[in-house]
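Colleague: Have a look at this one before I ask anything.
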Amino acid sequence: MRFSHLSFASILSLSTLAALTFGAFSFDSHIAFGQNANYDESKVPQYVLPDPLIAEDGTKIDTPEDWKNIRRPEILKQFQTEMFGKYPEADLSKIKFEEIFTYDKFLGGKATIKVERVYFNAPESKPKMDLMIVVPNDRKGAVPAFLMPNFQGNHTTNDDVNIPVSVADETIHNKDKSPDEVRGVAKSRWSYERIVNSGYAIATVFYEEIDPDFDDGFKNGVHPLFTNFDVESGDYPATISAWAWGLSRALDCLETLPEIDSKKVVLLGHSRLGKTALWCGANDERFAGVVSNNSGCGGAALSRREFGETVKRINQSFPHWFCANFHKYGDRVNDLPMDEHELIALIAPRPVYVASASEDLWADPKGEFLSALNADPVYRLLGTDGFGGVTEEPDVDVSVGATIRYHRRTGKHDVTDFDWEQYVNFANSIFGAQK
Ligand code: GTR
């Protein structure tokens, strides 16, 4: 089956364009949005998406076995070779965990915070990351958990002064601010009360502790530890691959904690970390579910639509996120052997949630929806109910789908309590309600 954007075409309203002009900036986005980008649906080029169920040799894939043995490895290889680079390899015997902090009075005594320091190259003290875990105190046994990396440090996710400061050695965020100035600044993105009251744990880590978010030729962070890294190759593990690998190590750590049911961990990421969550979930099949929050270009949004942020633009702005081979596709996205619906398909049959925001046109909400839709045939082949019969973009603030879910929240590029309400429901649909 071939898909074209034409069947889903719609014209953006003037009010949406106005919202874009004035509303699409967020603090963790450090380039000016929108310049020279296309936001006109009628100017989306015609394209044909690669069919996830046709193998490179033209064979139709029509059994779960052929998906698993033939097509899935092909698509995974395409993403590794042409986009994110190889998935990192390193000596995992060097990874060590050390509990450095516990505090059982979080949220007025409802939850315990634990911080596990993850050394990536023990006995060296660096690089390292501090994984903060929030666990409900009224749990009866091991609880399911969310894992969501943060943009500015663990202490920015809540006002509680007891939360230890986590700071990367090199960072683009809050370089000139003291930890106390930024404590709690991102708290609106962290619905700890809702999560804990619903019976879930949540773990978080400052993403720049894994790999700093700037282009230094891959010398800092965890890159020196990768045994399959060669900067001369076109498919070296770039920075998104490094962050993804770090999140896999966070899951290794969660596996050692008796209070966490580590077979029930949902990986969640926002924006560049939404791209990371999808890529990590595609490679690391231990994650029970994946949530892409406003991941946009290089995440859930179809590259071939060239709406909002494009492959060309993202490679210019963030050359370190993707491997060198991806940079070749700026002016020829139709030559990509894959598109982003297939990144979602790599997560199948595990549940996946794609979330957009109505004013976040830079991330192309429609392109994110179409990825979810076009991953459906793979989910169905694997015996799930896929997108649950959804074919049209839903109204704003309505969560739709089944094993693949989607919503377009009213508002900007962000993570809000509305989003969290949907993610807790999503986790309940996978694991059963915890309360
Ligand atoms: C923007 C970038 C997006 C998105 C965002 C973010 O600057 O263009 O791809 O990742 O940053 O991470 O907040």
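Colleague: What is the antiparallel percent of DSSP beta bridges lying wholly in the chain, to the nearest 5?
Modeller: In the chain, DSSP labels about 50 percent of beta bridges as antiparallel.
Colleague: Which percent of the accessible heavy-atom area of the range 121-237 goes to carbon and sulfur, probe 1.4 angstrom? Numbers along the way, then the final one.
Modeller: On the way: 2150 of 4570 Å².
It is 47 percent, rounded to a whole number.
Colleague: Still on this structure, please answer the following. For a label point 7 angstrom out from the Cα of Asn220 toward its Cβ, which stretches of the range 296-326 have the backbone nitrogen within less than 17 Å?
Modeller: 318-322
Colleague: Among Ala324, Ser358, Thr310, pick out the residue whose Cα is farthest towards the positive end of the charge dipole of the range 304-369, where Lys and Arg carry +1 and Asp and Glu carry -1 on C-beta, about the Cα centre.
Modeller: Ala324
Colleague: Of the heavy-atom accessible surface of the range 242-332 (probe 1.4 angstrom), what whole percent is carbon and sulfur?
Modeller: 44
Colleague: Take the Cβ-Cβ distance between Glu124 and Asp66 as r, set R0 to 60 Å, and report the resulting FRET efficiency rounded to the nearest 0.05.
Modeller: On the way: r = 45 Å, r/R0 = 0.74.
Efficiency at R0 = 60 Å is approximately 0.85.
Colleague: Identify the GluC sites (Glu not before Pro) of the range 285-332 meeting these criteria: DSSP loop state and at most 15 other C-beta atoms within 10 Å of the C-beta.
Modeller: In loop regions of the range 285-332 (DSSP not H, G, I, E or B), the sparsely surrounded GluC sites (Glu not before Pro) are Glu285.
Colleague: Report, to the nearest 10°, how far helix 239-254 tilts away from the longest principal axis of the Cα atoms in the chain, using its own Cα long axis and a range of 0 to 90°.
Modeller: Helix 239-254 and the main axis of the chain meet at about 50 degrees.
Colleague: Additional query: GNM on the chain, C-alpha springs below 10 Å: top fluctuator among Asp211, Asp40, Asp419?
Modeller: Of the options given, Asp40 has the highest mean-square fluctuation.
Colleague: Additional query: Specify the residue with the greatest mean-square fluctuation among Phe146, Phe106, Phe287, computed from a Gaussian network of the chain linking alpha-carbon atoms under 10 Å apart.
Modeller: Per the Cα network of the chain with a 10 Å cutoff, Phe106 tops the list.
Colleague: Multiplying the sequence separation of Val48 and Ser429 by 0.36 nm and subtracting their Cα-Cα distance, what value in nm do you get? Could the numbers behind the result be given before it?
Modeller: Values: separation 381, 0.36 × 381 = 137.16 nm, distance 3.34 nm.
So the chain would gain 133.8 nm between Val48 and Ser429.
Colleague: Next up: Identify the GluC sites (Glu not before Pro) of the range 68-103 meeting these criteria: DSSP loop state and at most 16 other C-beta atoms within 10 Å of the C-beta.
Modeller: Details: sites: Glu74, Glu82, Glu89, Glu98, Glu99; in loops: Glu89.
Those satisfying the criteria are Glu89.
Colleague: In degrees between 0 and 90, to the nearest 10, how far off the longest principal axis of the chain does helix 14-23 point, with axes built from Cα atoms?
Modeller: Roughly 30 degrees, rounded to the nearest 10.
Colleague: So, counting K/R as plus one and D/E as minus one, what does the shell of residues with Cβ under 12 Å around Leu76 add up to? Present the calculation step by step, with values, prior to reporting the outcome.
Modeller: On the way: positive: Lys68, Arg71, Arg72, Lys77, Lys86; negative: Glu74, Glu82, Asp284, Glu285, Glu342.
In short, 0.
Colleague: Can I ask one more? Express in nm, to one decimal, how much length is gained between Lys175 and Asp385 on full extension, taking 0.36 nm for each residue of separation and deducting their alpha carbon distance.
Modeller: Stretched fully, the Lys175-Asp385 segment lengthens by 71.0 nm.
Colleague: Another question about this same structure. How far apart, in nanometres, would the label points at Asp138 and Asp395 be if each is projected 7 angstrom from Cα along the Cα-to-Cβ direction?
Modeller: With each label point 7 Å from Cα toward Cβ, the separation is 3.4 nm.
Colleague: Once phi is turned into θ = phi - 60°, what whole-Hz ³J(HN,Hα) does the Karplus curve with 6.51, -1.76 and 1.60 give for every residue of the range 409-418, x standing for Gly and Pro?
Modeller: So the J values, rounded to whole Hz, are 6, 5, x, 9, 5, 5, 10, 10, 5, 4.
Colleague: Across the range 111-218, how many lysine pairs, 8 or more positions apart or on different chains, have C-alpha atoms separated by under 29 Å? Please give the number.
Modeller: The result is 15.
Colleague: I'd like to check one number: the per residue accessible area of the chain, probe 1.4 Å, reported in Å² as a whole number.
Modeller: Per-residue value: 37 Å².
Colleague: Can you list which of the trypsin sites (Lys or Arg not before Pro) found in the range 31-94 are DSSP loop residues with at most 16 other C-beta atoms within 10 Å?
Modeller: Taking the range 31-94 and a limit of 16 other Cβ atoms within 10 Å, no loop trypsin sites (Lys or Arg not before Pro) are found.
Colleague: Moving to a separate point now. What ranking, highest mean first, results for peptides 47-59, 379-391 when packing means the other Cβ atoms within 10 Å averaged over each residue?
Modeller: Values: 47-59: 15.4, 379-391: 17.2.
Packing order, densest peptide first, comes out as 379-391, 47-59.
Colleague: Evaluate E = 1/(1 + (r/R0)^6) for Asn38 and Lys94, where r is the Cβ-Cβ distance and R0 equals 41 Å; express this FRET efficiency to the nearest 0.05.
Modeller: Efficiency at R0 = 41 Å is approximately 0.35.
Colleague: Another question, if that's okay. For the range 340-435, which whole-number percentage of the solvent-accessible area (1.4 Å probe, protein heavy atoms only) is attributable to carbon and sulfur atoms?
Modeller: Values: 1310 of 2790 Å².
Of the solvent-accessible surface of the range 340-435, carbon and sulfur hold 47 percent.
The values are calculated or read from the model by the stated rules, or taken from the named source; none is laboratory data. Model, not experiment: these values are computed from the prediction. For neighbour counting, all protein chains shown are included, and Cβ atoms are generated from backbone atoms with ideal geometry for every residue, glycine included. Side chains are part of the model used for accessible areas, which takes the heavy atoms of the whole protein and leaves out ligands, DNA and RNA. Shrake-Rupley method; radii C 1.70, N 1.55, O 1.52, S 1.80 Å.
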